[in-house]
Structure formats: structure tokens, C-alpha cells
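Report on the structure given below.
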Amino acid sequence: MKVQGKFIVAIGAILLLSYGLLFLYSSNRQHDLIYGQAEQQARMLHRQVLLTRQWVADHHGVYVIQTKRDQPNPFLDAPAIQDSTGQAYVKRNPAMVTRELSEYASRDGWCKFRVTSLKPINPANTPDAFERAGLKRIEENGEKEIIAIENGPQGRTLRYIAPLKIEASCLGCHARHGYKLGDIRGGLSITIPIGWADEMITENTHSIILYALFSIMLVTATISWLFSTLVSRPLAQLTSAMDRYPDQPVPKPRHKLVKDEIDTINDTFYDLSRRLDVSRTALDNAKKQAFQNEKMAALGLLTSGIAHEINNPLGGLLNCVKALEKEPDNPQLVKRYLPLIDKGLRRIEHTMHQLLNFGRNTPLELEKIDVDQVIQECFELLGYRLQKINLQLELSLQEKYCIDIEALRQTIVNIGLNAIQAIGEAGGTLQVWSSAGDDRITIRIQDTGPGIPPEILDKIFDPFFTTKDVGVGTGLGLAVSFAQVEKMGGTLIAGNWADQGATFTITLPANRNCPLETLSSNETEMDTLS
Ligand code: ADP
């Protein structure tokens, strides 16, 4: 996931979480406030109804003109009277006033209230389930008020009930029912619909959710745009400039009055690329110079090596020829010098042969051979020099591999001969291992000679580098072997093992099938170039 994506997901999650918490808090708070307000409303209504009832009770009830609707109440004393003009009046006690006021209020849909009792005189005042439970709790526990929320067919309602106590003004009517001052006569039950509050809460909740979603989207889009403009795009440009460098120069950063962190990275990268360009040019020049020096040194070594290897036997040859010129018919001289001439010419031929092999550009002659058998044959050839040497062959190549047999022979013989020379007259051990991996075969030749001095380790593969006496070493053996192994796609590595002698490791590709046509690497290169 890209940084921009991670950033946006993180910000979105934080916003969602914080809006969620805010939403929870505000909806709880809203709920508490609205229900608190409804409760307060119920308490005030209770207080007002009590005052009205008190007023009616203080006046021992009130008489209102008798109408079709206002008829005498048979449960009251003197339920109806007449004035001197014959106008009829009916009595209204506190309970009736309460009920009639409640009818007015409920007609408006505002609220309902009524007087109720566990021992009602008027059956219309019989309590419902909430009222009965409330009255019992009031009587048994002396609770001052009971509030509950109920779900009804018309939505939710807040139910409130508080005790109605017998006061002095009530005794006029209720003393005969056995009540005393301070007794709980019943309760005033108030029902306030709160469906409107629920609607309001739902509406508010929807608004908050909409607002939260909108602002999350807005903030996310803004951050995304800002991130893309200020961070992602400049970073992508910087990355592509880094990728293209050094093939393409780094463009000079635009001049800005106020720079941010990415501008600073851009500037730093530009400066770095300039410094790298300068050092690269210096390095190239130094490399060219070193290469030139090396070439001259190698050329010098090569020519002096050739001169040395050819001049030595050539001097001997000339002496022989001169001696024979003086006495061409002396058979003793001919008998003495002819083998010397032959030896000198063979030495020159050997040097030239090695040189030709070194620069040989002939195609590889790959054939499927038993490598272990070739190694064995090589050491059989060298057998006459192995008298004082304990030769240990641990050859474990199970298969035949595609290898240039001549190149391998030459390499094994060169390295083997060097090892024999290194072990010398004192004698020692010469160990040869062969093993196969997945795609390489490895041949290791190790001797118990003095080893290769570390200071010449990097020179032993140079042509004509030798530490041996004139006539013993040409300095071409390892150079030729290295070139042959490399041509077969392998490696030749020299080293010392545990200060006991030298070790040479040859690795070659473990090709089990020979290609139909094998070309020299140089030829292949030429083909590719042309
Ligand atoms: P040459 O044998 O004619 O000297 P090479 O190229 O075969 O030429 O070897 C170069 C040099 O590497 C040797 O002169 C010798 O100093 C060193 N060398 C090679 N093989 C060994 C070995 N087994 N132990 C110690 N030195 C070695």
C-alpha cells in the first residue's frame, strides 16, 4: 500500500472514531436533556394540578352552571343546587376538576393527568398497571415520585406519578372514608407523549451522521489532494530522476522562496549528483591512466618474457651453429651439438606453443567425457615425478560432462606440475578432489608445499610471471590455464590452506549435453556485435 493510501486510511479511521465518539456523546446528552426536560415538565404540571386541587378543596368544591355536559355527580354531597332564579348548579370536587382539566389538556395532545387510587371511590379512577405499581411503591417505600418511559401505540410516553396526601381541606369529604391528615389518598398520574422528542433525536442523529460523512469525505479528499500535490508527485518525480541518473543528468531544481522538506531533498540530491559527476569523471580519468600504465607494464613484461624465453635457447643455438660452421665435418661436434640444437629449438617451440595457447581463439571442442578419468590420466602422465609424493585422488563425479578435453588436460597438468615442483625433493602429499553440484563441477588440487606468498597471489596468473629459475619456469602455465578455464565458462581460484600449501580450485559448468555447434567466446562476441 502506498504512503498516501496508508495516510488516508489512518486519517479516515481517526475521523470516523472521533465522530463516532462525538456522536455517541451528543446523542446520549441529547437524550438526557430531552427526557430531563419532559420530567421537569411533568413535575411542574404536577405542582400546578396540586395547586388547583388545593384551591378547589380550600373552597370545599366549586359549583358550575348545570349544562347537558356538566351533570351532578352522585358520589358527592349536595351534588346540585339552585339559586333564587331557579338556575341549577352542579358541584365539582378536586378530583373532578382534575379530570376535566386533563380532558382539556389531552384534547390539545399535550398531556393527560388524572387522580388514581388503590381504593377508588369512583371506578373511573381505577389505576392501570404503571399506576398500580407506582402507588404500591409510594405506599410501601414512601417514594416521592416515580418516572418511567413506556412504549404505546402512539409512540413513547413519559409516565409520572406522585402521591396525593390528605390535607386539612380534604378531610371535609374524605374523613368519613377513614382517612386522617397526612394519609396517602392516592396519586396524581401524569402522561406526557414524547414521540416528538424521539422524532427530534432521530432527525438530529441523521443530521449528525450526514454531517460526519460529508466532513470525513471532505477532509479525506482534501488531505488526499494535498498529499498527492505536496508529497506523492514530487517524490515520484524525485524517484524517477534517481532512477534515470546517471544515464540522464538530474534537472536543476526550480528556485523557490519558501522550501519544504522535499525541496530540500531535491536540492541535496541535485548537489550529490553534481559531486558524483565530478568524482566519476575524476575516477574515469584515473582509470584510463591506470589502464594505460597497466597496458605498458604488461606489454613490457610480455616482451621481456618472450625475449628472455627465446633469447636463452637462441644464444645456445647460435653458439652451436657457430661451432659447427667452424668444423662442419667433425662428427663429434655434430653429435654433441645436434641434441643441444634440438633441445633449444624444442624449448622455443614449447614457449611459442604456450603463447599460442594463451592467445588461442580456436573454438572450444566440447565433448562428453569422464572428467575423473581425464584427471587420473594426467597424474599417470606426471607419474615419473611422483616418487616422493603421496598422491591421494578422491574423485566422485558420477556422470560424464561436456568439456574441452585438451583444455582440461593442459590445466590439470600445469597445476599438478606446479604442485609437484612446490613439494620438491623433500616429498609431501598431493590431494585431488572432484565433486558435482547442481550446475557446477569442482576440481580441487592441493599440495603440502610452501604455499603461495600472499604478496604474489594476485600476480601468479599474469603471463610470464614466475618465481622459478631460468629454464625451469616460463610463467605461462597458470596464465594459459586461467584463460582455458575462463573460456569454458569456469573459474580458477588460487589460495593457501591452513599455512600448509597451495590450493587451486577449478569450477566448470556441469553441462550434461553438448551443444551442436560450439563457438569460441570471442567469435560469439563478434557475431553479437556485428
Ligand atoms: P611457472 O610454473 O612457469 O613459474 P606458472 O604460471 O605455472 O608459471 O606459475 C606462476 C607462479 O605461481 C610460480 O612461479 C610460483 O611462484 C607460483 N605457484 C604456482 N603454483 C604454485 C604452488 N603449487 N605452490 C606455490 N607456488 C605456486
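Overall, the anisotropy analysis places the stretch 333-457 in the oblate class: the square-rooted eigenvalues a ≥ b ≥ c of its C-alpha gyration tensor yield a/c not less than 1.5, with a/b not exceeding b/c.
Normalised by 2.2 N^0.38 Å, with N the number of residues, the alpha-carbon radius of gyration of the stretch 1-101 equals 2.37.
The P(r) of the stretch 52-204 has a tail past 29 Å containing 26 percent of all C-alpha pairs.
Shown here for the stretch 425-473: trypsin sites (Lys or Arg not before Pro) in loop regions (DSSP other than H, G, I, E, B) with at most 16 other Cβ atoms within 10 Å, namely 459, 468. Each helix, a run of at least 4 DSSP H residues, gives -39500 (n - 2.57); summed and divided by the residues of the chain, these come to -18500 deg cm²/dmol at 222 nm. Net charge in the neighbourhood of residue 308 (other residues with Cβ under 14 Å of its Cβ; Lys, Arg +1, Asp, Glu -1) is 0.
Translational diffusion coefficient, Stokes-Einstein: compute it for the stretch 388-490 using the Kirkwood radius over C-alpha pairs as Rh, at 20 °C and 1.002 mPa s, and state it as an integer in µm² s⁻¹.
It diffuses with D of about 144 µm²/s by this estimate.
Put simply, the Cα atoms of the chain extend 197, 60, 44 Å along their principal axes, the longest span coming first.
Within 10 Å of each candidate Cβ there may be at most 13 other Cβ atoms; applying that plus a DSSP loop requirement, which trypsin sites (Lys or Arg not before Pro) in the stretch 105-174 survive?
144
Counting only alpha carbon atoms, the long axis of helix 331-358 and the longest principal axis of the chain meet at about 20°.
Within straight cross-link reach of residue 343, meaning Cα distance under 23 Å, which lysines are found once same-chain residues fewer than 8 apart are removed? Residue 343 reaches 322, 326, 335, 468.
Show which lysines lie in cross-link reach of residue 180 when reach means a straight Cα distance below 27 angstrom and same-chain residues fewer than eight apart are skipped. Cα-Cα hits under 27 Å: 91, 119, 136, 144, 165. Using the alpha-carbon centroid of each, what span in Å lies between the stretch 405-466 and the stretch 218-296? What the calculation gives is 49 Å, centre to centre. Binning the alpha carbon pair distances of the stretch 60-125 at 5 angstrom intervals from zero yields the distribution 4, 16, 23, 22, 18, 11, 5, 2, 0, expressed in whole percent. Loop only per DSSP, at most 13 neighbouring Cβ atoms within 10 Å: give me the trypsin sites (Lys or Arg not before Pro) in the stretch 1-49, ordered by residue number. Here the trypsin sites (Lys or Arg not before Pro) that fit, given the DSSP loop and packing criteria, are 2.
The mean sequence separation of alpha-carbon pairs under 8 Å and at least six residues apart, normalised by the residue count of the chain, gives a relative contact order of 9 percent. Within straight cross-link reach of residue 2, meaning Cα distance under 22 Å, which lysines are found once same-chain residues fewer than 8 apart are removed? Reachable lysines: none.
Read the figures in this text as sums done on the coordinates, not as results from a lab. Because the structure is predicted, anything quoted here is derived from the model rather than measured. Using ideal geometry, Cβ is built from the backbone for each residue, glycine included, and neighbour counts are taken over all protein chains shown.
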